[in-house]
Amino acid sequence: MSLLDEVQAVYQGAQHGGSIAIQPFVGTAFTQATGALRIVCVGINSYISPKDWPPAAEWFASWFRQQKYKFAKGAAKAGATVGEALQSAGWGRFDGLESCWTTNAIKTYLPEATGKNAHQVPPEAFDRDAAIWRRELDLMAAHDVLPHAVVVLGEPQWWPTCRAFRPQEGWAYDHLRLAVYQTTEGPLFHHLNRVTVEVKGAQRSLLVVRVPHPAAFGAKPRAEDIVAHPDFQRVVALGTGA
């Protein structure tokens, strides 16, 4: 099976009680040997109004491809800001949307009545779908296309996203070994983590970066603030193994 087929099968496992799984946007940097940087963007959830229900699984991916709606535009901008900063530091070539894999922490569409605002999503929903996120990462590792950076757009999904990389949690991965999880003390605490992993016997590093959700008007630090910070530049200078 191709990576896309395997991922879609995993996402189907997120469906429950008549819900419909989203399909992530997956750029060619993850599906072809392009040598480009790989950036995963993680939103919170997608909600659908009653008049548009039921949604098609591919809607979420098409919104990102077409740069439709505030989240898609904000995610692309944040991914580009981080990707271009890594490119400038010599980590690799950033190929715009094709360097991106864009998904949500909540892997199914929610009705507008229960998903329009992030605070409506219960913590247990993040924990439930975090299992899909871990399987997603394991599939990326199996195909040797782990991201160079994971850009988290919003606070509610920061901890569920980061937990997947913590060795002390004891997660059972088939293709991925977690070696070191490092936070960044100071102003970028809870905004920048560096993770060392092992895939197919080789160690490499990736970054986990939290930026404001596009709907959080005026929230800081923005992606531009983070990549300009000396602590980000110091962490990036440590390099990556892939």
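Of all residues in region 43-61, how many are under 22 Å from Val145 (Cβ atoms) and either of a type in the set (Gly, Ala, Ser) or touching a Cys at 6+ places or on another chain (Cβ under 9 Å) (or both)?
Residues in region 43-61 being under 22 Å from Val145 (Cβ atoms) and either of a type in the set (Gly, Ala, Ser) or touching a Cys at 6+ places or on another chain (Cβ under 9 Å) (or both): 3 in total.
Mind counting the residues in region 14-52 that are modelled with pLDDT under 95, under 19 Å from Ala142 (Cα atoms) and not polar (S, T, N, Q)?
Count: 2.
For Val145, work out the one condition from (1) in contact with a helix residue (DSSP H, G or I) (Cβ under 6 Å, 6 or more places away or on another chain); (2) part of a loop (DSSP other than H, G, I, E, B); (3) over 25 Å from Thr31 (Cβ atoms) it doesn't fulfil.
(3)
Show the residue pairs that are 6+ apart or on different chains and have beta-carbon atoms under 8 Å apart, the first residue being within region 185-201 and under 20 Å from Pro156 (Cα atoms) and surrounded by 15 or more Cβ atoms within 10 Å (Cβ to Cβ), the second being at pLDDT 95 or above and of a type in the set (Lys, Arg).
Every condition considered, the pairs that remain are His191/Arg210; Leu192/Arg210.
Filter region 64-76 down to residues that are surrounded by fewer than 19 Cβ atoms within 10 Å (Cβ to Cβ) and touching a Phe, Trp or Tyr at 6+ places or on another chain (Cβ under 7 Å), then give me how many there are. Step through it out loud before you land on a result.
Within region 64-76, the subset surrounded by fewer than 19 Cβ atoms within 10 Å (Cβ to Cβ) is 65-70, 73.
Those left that are additionally touching a Phe, Trp or Tyr at 6+ places or on another chain (Cβ under 7 Å): 65, 69.
Of the residues in that region, 2 qualify.
Go through (1) more than 20 Å from Ser2 (Cβ to Cβ); (2) under 12 Å from the mean Cα position of the chain (by Cα) for Leu146 and report which single condition fails.
(1)
Hey, can you tell me all the residues within region 20-38 that are among the small types (Gly, Ala, Ser), more than 18 Å from Val150 (Cα to Cα) and crowded, with 16+ Cβ neighbours inside 10 Å?
First, the residues of region 20-38 that are among the small types (Gly, Ala, Ser): 21, 27, 29, 33, 35-36.
Okay, now just the ones that are also more than 18 Å from Val150 (Cα to Cα), so 21, 33.
Listed by number, the list holds a single entry, Ala21.
So Ala216 passes all but one of these: (1) on the phi > 0 side of the Ramachandran plot; (2) touching a residue at least 60 places away in the same chain (Cβ under 8 Å). Which condition number does it fail?
Result: Ala216 fails condition (1) only.
Which of the residues belonging to region 1-17 are surrounded by 13 or more Cβ atoms within 10 Å (Cβ to Cβ), charged (D, E, K, R) and free of Cβ contacts under 8 Å to residues at least 24 places away in the same chain?
none
The values are calculated or read from the model by the stated rules, or taken from the named source; none is laboratory data. This one's a predicted model, so the numbers in the text were calculated from it and none came from an experiment. We place every Cβ from the backbone using ideal geometry, glycine too, and count neighbours over all the protein chains shown.
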